[in-house]
Structures are given as structure tokens and as C-alpha cells.
Amino acid sequence: MLVSATEMLKKARDGHYAVGQFNINNLEWTKAILLTAEELKSPVILGVSEGAGKYMTGYKTVAAMVKAMVESLNITVPVALHLDHGSYEGAQKCIEAGFSSIMFDGSHYAIDENIAKTKELVEMAHKNGLSIEAEVGSIGGEEDGVIGAGEIADPEECAKIAALGVDFLAAGIGNIHGVYPENWKGLDFDALDKIHNATDHIPLVLHGGTGIPAEMIKKAISLGVCKINVNTECQLSFAAATREYIEAGKDRQGKGFDPRKLLAPGTEAIKATVKEKMELFGSVGKA
Ligand SMILES: [Zn+2]
């Protein structure tokens with residue numbers, strides 16, 4: 001059974017740790033993340049971007065696969081299935097498809113329109129038992145073709161969006177999606193502290209978790225971050241392990257071309273990355 005992310009993130013906030021959102025792309029990704037969460041007794045959020053949803057042939061397919069897999073793998077830890085950076089239409093589709101959580105990213109709209117649309121979706125999500133994340137101040141880098149400039153969110157705008165009843169809030173604090181450039185200035189902790197205090201301590205979400213130094217992650221958690229999104233890092237681990245397998249010529253040995261063998265090292269690499277992150281975020285043993 002899937003759960004909304006509301007309770008697990010309130011617990012994380014009160015317990016001063018963060019729950020990882022790990023984005024999924026296919027069956028192997030999903031299996032690797034679920035098995036690791038169960039092994040470490042950690043709550044987990046499976047993120048699905050609109051692009052990944054399309055790739056997996058639609059949100060209904062994703063919801064059916066995840067629900068069935070939670071059951072067949074005997075997963076007992078809390079699992080939320082969450083739409084990542086959803087559009088207004090995408091959010092509605094995920095509510096219908098049986099997701100347990102959605103993000104509405106209205107950060108590219110003017111604040112008044114972001115507020116109006118977020119408000120409608122908060123009602124729809126809560127009526128159906130889902131949690132909802134909203135975003136203020138676009139996150140830098142590229143996410144499915146949407147380029148954000150890496151803004152620092154305005155605490156007053158954050159307060160307005162938080163007051164709509166969203167369950168957790170993504171606020172730009174200099175974080176970006178993808179790999180961080182060499183000259184990256186780091187997270188703006190002063191901004192994070194102001195946002196935390198302006199929003200009545202709503203659980204905050206840190207996007208772009210790949211490559212943020214461990215010390216910055218810990219400090220962000222101490223300042224109210226309860227959910228950290230990891231996507232690129234699992235992709236890099238998967239690609240590196242798969243490359244190693246191919247370059248070693250293992251696909252040409254025996255039945256090494258069998259997809260169940262070919263994809264195994266990459267799947268194990270995702271598990272290792274997820275484990276490392278759950279340990280860093282402090283969610284191990286919190287299920
Ligand atoms: Zn993001």
C-alpha cells in the first residue's frame with residue numbers, strides 16, 4: 001500500500017532527518033530503491049517526472065507497477081509515489097491514476113497564478129488523500145526541458161504558498177538540478193533560515209541533491225529540510241556500472257547479453273547510491 005508523504009515528513013522534521021525522494025525510470029530502478037529502503041528500514045519517496053511517466057507509458061502503468069511491487073516484495077516501510085515537477089494537468093492525472101503524492105511546480109508562473117493554481121490542487125489532492133508539494137523560486141538547471149535560473153526564493157512568497165495548506169514546500173536556495181558547475185556558490189543558508197521561519201516550519205524540500213557536499217546537506221537538514229530529491233546521482237551510478245560491464249566484455253561471455261545479467265550491475269549500483277544517501281540523510285531505521 002502506498003501512503004502520502006505528509007506523516008513521514010512531519011516525523012522527519014521533528015526527528016531532524018530527511019527522507020530521500022529517488023526518481024524512478026523503469027522496473028529495475030523501482031526494485032532497487034524499494035529493496036534498499038526495506039533493508040535499511042527507511043521511509044522512501046519514489047519520484048516520477050512527467051518525462052519518466054511518459055517513458056513508462058503513463059501514470060497508470062507506473063502506479064500499478066509500484067503498488068504491485070510493494071506487495072510482491074513484501075515492502076513494509078512507508079512508500080509514497082510522488083509526481084515530481086508536475087504541471088497542473090499532470091497533477092490531476094496522477095490523482096486519478098492512484099499516486100499518493102504530487103508536486104505542482106507553478107514556479108514559472110507569476111506568483112498570483114502560482115497561488116491560484118496551487119490552491120485548487122491542494123483541495124483536489126487532500127480530498128483524495130494525497131500530499132502535495134509546491135515550489136517557489138525556480139530551481140536552477142534543467143528538468144525535463146524546463147530550465148530554471150537557480151533563484152533564491154522570496155520568504156514572503158513562500159509564506160503565501162505555505163499558507164494554502166501545501167504539505168511541504170520546495171524553495172530555491174541556490175540549488176540546481178543535474179551536476180553542479182565548478183564555480184557553484186553553494187547553498188544559501190541565510191535564505192533557508194528565513195524561509196524556514198517565515199513558513200511556520202513547514203517541511204522544506206531540497207531539489208538537486210546530486211553533488212551537494214555532505215556537510216551542506218547536514219546543515220540544510222538542521223535548518224528545516226526534510227525531503228531531499230536525488231535523481232542524477234542514481235543515473236550516473238547506473239551508467240558507470242553498466243559501462244564497466246560492457247567495457248570488460250562481459251556481455252560477450254556466455255549468456256552475458258541476457259538483460260537480467262546486463263542490467264544487474266547498474267541495478268546494484270543504484271542500491272549502493274540509495275544506501276549512501278539514506279545514511280547521509282539520517283532516515284535509516286526511521287520506518
Ligand atoms: Zn526538482
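Label-point separation (nm) for residue 113 and residue 214, each offset 7 Å from Cα along Cα-to-Cβ?
Inter-label distance under the simple model: 4.4 nm.
Let me have the 222 nm mean residue ellipticity of the chain computed from DSSP H runs of 4+ only, each contributing -39500 (n - 2.57), with the sum over all residues rounded to the nearest 500.
That calculation yields -14500 deg cm²/dmol at 222 nm.
For the residues 167, 84, 188, 14, what sequence is obtained by ranking on other C-beta atoms within 10 Å, fewest first? Present the calculation step by step, with values, prior to reporting the outcome.
Working: 167 23, 84 28, 188 16, 14 11.
Going from least to most buried by this count: 14, 188, 167, 84.
Just report the Cα centroid separation between the stretch 51-86 and the stretch 1-31, whole Å.
If you average the Cα positions of each part, the centres end up 12 Å apart.
What Kirkwood hydrodynamic radius do you get for the stretch 15-108 when you take the inverse of the mean 1/r over all pairs of distinct Cα atoms, in Å? List each step's numbers first, then the result.
Working: mean 1/r = 0.0748 Å⁻¹.
In the stretch 15-108 this quantity evaluates to 13.4 Å.
I'd like the antiparallel share, as a percent to the nearest 5, of DSSP beta bridges with both residues in the chain.
Values: 4 of 34 bridges.
Of all bridge pairs located within the chain, approximately 10 percent are antiparallel.
With each pseudo-label sitting 7 Å past Cα toward Cβ, what's the residue 183-residue 41 distance in nm, one decimal?
Here the answer is 4.8 nm between the modelled labels.
Can you list which of the DSSP-assigned H helices in the chain have a Cα extent of 18 Å or more along the long axis and an average Kyte-Doolittle score of at least 0.5?
Helices meeting the criterion: 59-72.
Could you state the number of Å between the C-alpha centres of the stretch 167-201 and the stretch 204-248?
15
In terms of the ratio Rg/(2.2 N^0.38 Å) built on C-alpha atoms, what value belongs to the stretch 147-212?
Numbers: Rg = 12.1 Å, N = 66, 2.2 N^0.38 = 10.8 Å.
Cα Rg divided by the expected 2.2 N^0.38 Å: 1.12.
Please compute, over every Cα-Cα pair in the chain, the percentage with a separation greater than 31 angstrom. Each step should come with its number before you reach the end.
Values: 9309 of 41041 pairs.
The answer is 23 percent, as a whole percent.
Bear in mind that the values in this text are calculations on the coordinates, not laboratory data. This is a predicted model, so every value here is computed, not measured. For neighbour counting, all protein chains shown are included, and Cβ atoms are generated from backbone atoms with ideal geometry for every residue, glycine included.
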